[in-house]
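Worksheet: one structure, shown below.
The values are calculated or read from the model by the stated rules, or taken from the named source; none is laboratory data. This is a predicted model, so every value here is computed, not measured. As a convention, Cβ positions derive from the backbone with ideal geometry for all residues, glycine included, and neighbour counts pool all protein chains shown.
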Amino acid sequence: MRVLITGGAGFIGSNFVHQTVRERPDVQVTVLDALTYAGDETSLAGVSEEIRFVEGSIADTALVDRLAADSDVVVHFAAESHNDNSLNDPSPFVQTNLIGTFTLLEAVRKHGVRFHHISTDEVYGDLELDDPAKFTPETPYNPSSPYSSTKAGSDLLVRAWARSFGVEATISNCSNNYGPYQHIEKFIPRQITNLIDGIRPRLYGAGLNVRDWIHVEDHNSAVWSILDGGRPGETYLIGADGETNNLDVVRTLLEIFERDADDFDHVADRPGHDLRYAIDATKLRDELGWSPRYTDFRAGLEATVQWYRDNEAWWRPHKAAVEAKYAATGQ
Ligand code: NAD
Ligand code: DAU
């Protein structure tokens, strides 16, 4: 099977490439990645001999057409992915998440290629802290940020191309991922690398916002379950019942680093900050028999801390610039 993986030099995409090379010897992997600030080819260093890497944009019609013609399946991870960046400059989010996805859809339509679209639970907006409800595939779309609205728009394009043009497409909407190779602009690796540097973690607002954490390996095993058994035209929600508020995440990291429980700072809140995400993954579990393996969040965090300790050369070149960007917004 020839699989084109977009965004394969980013956080989740590079983990997906590693998992695929490790567990699917029958798959020929091609990665298409523009190597934006968030992409890093060294994340693929261990598998570079086993894959083909193409540097380029998913919005490049001719390139995408050529690569799709040579593929059986496209797994589409590439995106601008950070909410805070989308509040500072939404333009690349529209270009990549909407125009890029449109470009891919036109190519898979032309060449009759199976398409899997990687999306986010943020398309559903947020839930109240005391609401027993979780997101389901029937929850109405209600995105809050430029990031989540462009992801919602890209999901709707996929649904339309499946229904009107018969593109063999599936969509997955996953909750917050953590694990190796995550860019240090994101919450967990930012606090881990702060703690390694002896800097106090930074909590937006009161820190009561809840995210439904899942290990990146579990996200990617769910994507493979959908590729193997998912029904065309269907949407699957991916989550591992990992609801935790940001304050508790910081307190756990402080414990792992043997620091005082109050050794953190509250900083300016994110405008429009979603309160709570929670995934009901019943459909994925019941229909495809998927279940997560990394169910001990503290153990997963400890392993992730160790990964950032062991791989300082991977993140260190970006740390000063990331912190300078946050300093400009008081965060
Ligand atoms: P990331 O920012 O770490 O990686 C994105 C990758 O896409 C980078 O390698 C970047 O170079 C590449 N890219 C960006 N623009 C491109 C373009 N125009 N053409 C080709 N490549 C381009 O993102 P991530 O956290 O790994 O997220 C991957 C996908 O998963 C995204 O679609 C995101 O919406 C979705 N998602 C992320 C999470 C999460 O918690 N991180 C959760 C659910 C869904
Ligand atoms: O839910 C899935 C989404 O999860 C993905 O679609 C996004 O691509 C991914 O970035 C992530 O979005 P969030 O905005 O939830 O993740 P982030 O890591 O930016 O922030 C997680 C929470 O931590 C959020 O409530 C904001 C808060 N935060 C973040 C940073 C960077 C802090 O309190 N302090 C920080 O320094």
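Being part of a helix (DSSP H, G or I), more than 15 Å from the chain's Cα centre (by Cα) and buried (at least 23 other Cβ atoms within 10 Å of the Cβ) is true of VAL158.
Of all residues in region 25-53, those that are loosely packed, with under 15 Cβ neighbours inside 10 Å and more than 16 Å from ligand 2 (Cβ to nearest atom) total 9.
Listed here are the residues, each with its yes/no results for (1) modelled with pLDDT under 95; (2) closer than 28 Å to SER291 by Cα; (3) among the basic types (Lys, Arg); (4) surrounded by fewer than 22 Cβ atoms within 10 Å (Cβ to Cβ).
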| residue | (1), (2), (3), (4) |
| --- | --- |
| GLY153 | no, no, no, yes |
| GLU168 | no, yes, no, yes |
| SER175 | no, yes, no, no |
| TYR178 | no, yes, no, no |
| ASN209 | no, yes, no, yes |
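Scanning region 308-331 for residues that are over 25 Å from TYR204 (Cα atoms) and either aliphatic (A, V, I, L, M) or within 16 Å of ligand 1 (Cβ to nearest atom) (or both) yields ASN311, ALA313, TRP314.
Just need a number here: residues in region 155-173 that are within 15 Å of ligand 1 (Cβ to nearest atom) and more than 14 Å from GLY230 (Cβ to Cβ). Qualifying residue count, region 155-173: 3.
You will find that of GLN182, GLN191, the residue that is assigned to a loop (DSSP other than H, G, I, E, B) and surrounded by 23 or more Cβ atoms within 10 Å (Cβ to Cβ) is GLN182 and no other.
Of all residues in region 99-116, exactly one satisfies the criterion of being in contact with a strand residue (DSSP E or B) (Cβ under 8 Å, 6 or more places away or on another chain) and among the charged types (D, E, K, R), namely ARG114. The lone criterion from (1) in a strand (DSSP E or B); (2) within 14 Å of ligand 1 (Cβ to nearest atom); (3) not polar (S, T, N, Q) left unmet by LEU63 is number (1). Scanning region 194-218 for residues that are part of a strand (DSSP E or B) and either of a type in the set (A, V, I, L, M, F, W, C) or near ligand 2 (Cβ under 8 Å from one of its atoms) (or both) gives ARG202, LEU203, TYR204, VAL210, ARG211, ASP212, ILE214. Taking the stated definitions as given, is ARG22 without any contact (Cβ under 8 Å) to a residue 24 or more places away in the chain and either of a type outside the set (Lys, Arg) or more than 16 Å from ligand 2 (Cβ to nearest atom) (or both)? The answer is yes for ARG22. SER86: assigned to a helix (DSSP H, G or I) and either under 22 Å from TRP224 (Cβ atoms) or within 14 Å of ligand 1 (Cβ to nearest atom) (or both), yes or no? Yes: the conditions hold for SER86. Scanning region 134-151 for residues that are surrounded by fewer than 22 Cβ atoms within 10 Å (Cβ to Cβ), in contact (Cβ under 8 Å) with a residue 24 or more places away in the chain and of a type in the set (Val, Ile, Thr) yields a single hit, THR136.
Against the list (1) more than 15 Å from the chain's Cα centre (by Cα); (2) of a type outside the set (Asp, Glu); (3) more than 15 Å from ligand 2 (Cβ to nearest atom), the condition SER221 fails is (1). Annotation for region 246-269: at least one member residue is assigned to a loop (DSSP other than H, G, I, E, B) and within 9 Å of ligand 2 (Cβ to nearest atom). Taken as a whole, the structure places VAL3 among residues that are outside any helix (DSSP H, G or I), in contact (Cβ under 8 Å) with a residue 12 or more places away in the chain, buried (at least 19 other Cβ atoms within 10 Å of the Cβ) and more than 9 Å from ligand 1 (Cβ to nearest atom). In this entry, PHE115 is excluded by the filter for residues that are among the aromatic types (Phe, Trp, Tyr), closer than 26 Å to ILE188 by Cα and at pLDDT 95 or above.
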